[in-house]
Amino acid sequence: MKLNQFNFKNSYSELGELFFAAGNPDPVSNPQIVIFNDRLAGSLGINFSDTSDKEKAAILSGNCLAHGSEPISQAYAGHQFGHFTMLGDGRAHLLGEHCTEDGKRFDIQLKGSGPTRFSRNGDGRAVLGPMLREYIISEAMFALGVPTTRSLAVVSTGEKVLRENLLPGAILTRVASSHIRVGTFEFAASQKDTNIIQKLLDYTIDRHEPELNGASNKALAFLEWIIEQQATLITDWMRVGFIHGVMNTDNVALSGETIDYGPCAFMDEYDPNTVLSSIDRNARYSYSNQPKICQWNLARLAEAILPLIDPDLEKSVKLAEEKIVNFSDLYQAKWLDMMRSKFGLSGIQKEDEKLVNDLLEWMAQKRVDYTNTFRDLSSEKALLKNVYQDNGFLSWRRRWEARRLKNNQSRDATTDIMRKMNPAIIPRNHNVEKALGSAEDMNFRPFYELLKMIRDPYSEREYPEAYCSLPQPDERVWQTFCGT
């Protein structure tokens with residue numbers, strides 16, 4: 001069997017054994033490819049062209065290790081629903097860092113590949129449905145233009161995993177710019193050794209933003225850069241109506257990518273208080289709370305690197321606080337610019353924020369669909385629908401049209417921007433659940449069909465109504481579950 005499909009390096013291991021546990025994935029009985037992401041493999045120069053499906057499944061299940069792989073599981077900590085916990089990869093193995101021809105580096109991680117030192121009595125396995133959920137939602141996010149980890153493959157294991165019931169097991173191959181998290185820095189800080197934090201900071205900067213090495217205060221510049229990345233990411237989530245569901249600090253990737261697609265979902269009717277995660281009982285991670293939680297998580301990162309910002313703790317806290325407090329204004333500016341694009345507004349006018357918020361208020365009152373409403377704004381024909389004959393909307397529309405006359409771009413240009421910002425299709429939760437339910441019965445056709453639809457979300461073509469419409473009452477899914 002050829003095992004040179006990847007160009008692996010293992011720089012993370014150079015941080016030292018404090019940061020990881022070495023160990024191979026546990027073999028599974030009958031690995032088979034459920035889906036393989038040829039597009040992603042091609043873009044990364046990962047070559048499985050001379051590899052049979054059986055051999056591919058063996059490699060992507062961890063039964064056989066690709067050349068250069070030195071599997072590890074990473075240590076990290078995290079605030080989970082606000083409570084600090086020591087954690088780590090309890091069911092994941094980082095096979096290595098695949099290096100592309102242009103010098104970029106990507107973690108290749110197996111998820112559900114068996115217990116590790118950090119498993120905390122867990123079985124280290126994953127079930128098919130949640131692994132396919134991560135695959136399809138991460139691919140949707142990529143197509144929507146939202147920074148995200150990607151999924152290279154899902155492999156069924158031929159084994160059952162005990163959760164509420166016995167369910168088919170699976171392993172997902174995740175591709176990420178890195179798996180360094182806010183929680184990784186919290187873990188480093190918990191060691192009470194400035195040298196350890198410095199080592200992690202230097203590694204993260206070298207890997208993600210080497211230009212920061214020239215900063216006069218590298219730690220503060222790093223914090224500012226991370227704040228910028230996270231504000232951009234959350235703005236994109238809000239743009240497409242995405243609700244992460246579990247914004248714990250161990251789920252905040254410092255690459256600026258969305259990571260960990262557990263009980264996540266896209267909003268149907270617009271309601272800023274939407275919570276679809278079964279474990280978020282206090283609405284901590286609701287749609288509207290996501291910016292605030294992001295700022296809270298960033299404050300935990302700042303705390304972790306305080307000793308590196310300035311040796312004078314009081315001065316260090318003041319410098320860090322200034323950056324964290326600035327997140328609110330930074331995010332608000334990014335959000336409003338994003339909303340201007342969704343509304344087809346160019347330039348800046350003092351009435352813009354009120355115009356945006358007034359439509360959002362109308363949308364919440366009428367319980368109209370978030371995705372379809374914004375897409376309809378770019379179509380005169382769509383605005384003839386009955387829902388838009390409401391007096392409240394008509395009054396708002398007159399103001400909107402008057403504002404568009406003040407644009408510093410042509411109407412065609414701003415309409416084109418709207419169509420690039422407002423998707424026509426998202427992976428609606430009821431369709432995702434149907435596809436996953438069928439997949440657990442080994443009928444993958446609905447999954448493949450949904451995947452095909454969501455890979456082209458901004459096209460002007462006609463999509464089947466079943467993929468674009470609100471769920472019927474008996475189709476509605478009120479909660480999503482981690483289910484891993």
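A few remarks follow.
- Solvent-accessible surface of region 141-255, averaged per residue with a 1.4 angstrom probe and all protein chains in place: 31 square angstrom.
- Residues in region 342-367 reached by a label modelled at A402 [backbone nitrogen below 13 Å; 7 Å Cα→Cβ]: 351-352, 355
- Under the convention that each Lys and Arg Cβ holds +1 and each Asp and Glu Cβ holds -1, the size of the dipole of region 232-299 around its Cα centre is about 220 debye.
- Computed over region 116-184, relative contact order equals 33 percent, with contacts defined as Cα pairs under 8 Å that lie 6+ residues apart.
- Spread over its residues, the convex hull of the C-alpha atoms of the chain is 157 Å³ per residue.
- Accessible carbon and sulfur surface of the chain relative to its total accessible area, %, 1.4 Å: 49
- Heavy-atom accessible area order for W296, W362, largest first, 1.4 Å probe: W296, W362
- Once you divide the Cα radius of gyration of region 1-104 by 2.2 N^0.38 Å, the number left is 1.22.
- The chain: calculated mean residue ellipticity at 222 nm from DSSP helix runs of at least 4, using -39500 (n - 2.57): -13500 deg cm²/dmol
- ³J(HN,Hα) computed for each position of region 364-373 - Karplus, 6.51 cos²θ - 1.76 cosθ + 1.60, integer Hz, glycine/proline x: 5, 5, 8, 6, 8, 5, 5, 5, 5, 4
- Here's the picture: charge each Lys and Arg Cβ at +1 and each Asp and Glu Cβ at -1 in region 158-260, and of L201, A221, N251 the one pushed furthest to the positive end of that dipole is N251.
- Residues within the reach of a label modelled at Q80 (point 7 angstrom out along Cα to beta-carbon, backbone nitrogen below 19 Å), restricted to region 238-259, are 244-253, 259.
- Among A92, I136, F374 the positive-end extreme of the charge dipole of the chain (Cβ point charges): F374
- Per residue, region 327-445 exposes 48 Å² of solvent-accessible protein surface, assessed with a 1.4 angstrom probe and all protein chains in place.
- In terms of overall dimensions, the C-alpha atoms belonging to region 359-470 reach 55, 30, 20 Å along their principal axes, ordered largest to smallest.
- About the Cα centre, charge dipole magnitude for the chain (Lys/Arg +1, Asp/Glu -1 at Cβ), debye: 780
The values are calculated or read from the model by the stated rules, or taken from the named source; none is laboratory data. Predicted model, so just to flag it, every value in this text is computed and none were measured. Neighbour counts are summed over all protein chains in view; Cβ atoms, including those assigned to glycine, are modelled from backbone coordinates with ideal geometry. Accessible surface is based on the protein model in full, side chains and every heavy atom, while ligands, DNA and RNA are left aside. Shrake-Rupley method; radii C 1.70, N 1.55, O 1.52, S 1.80 Å.
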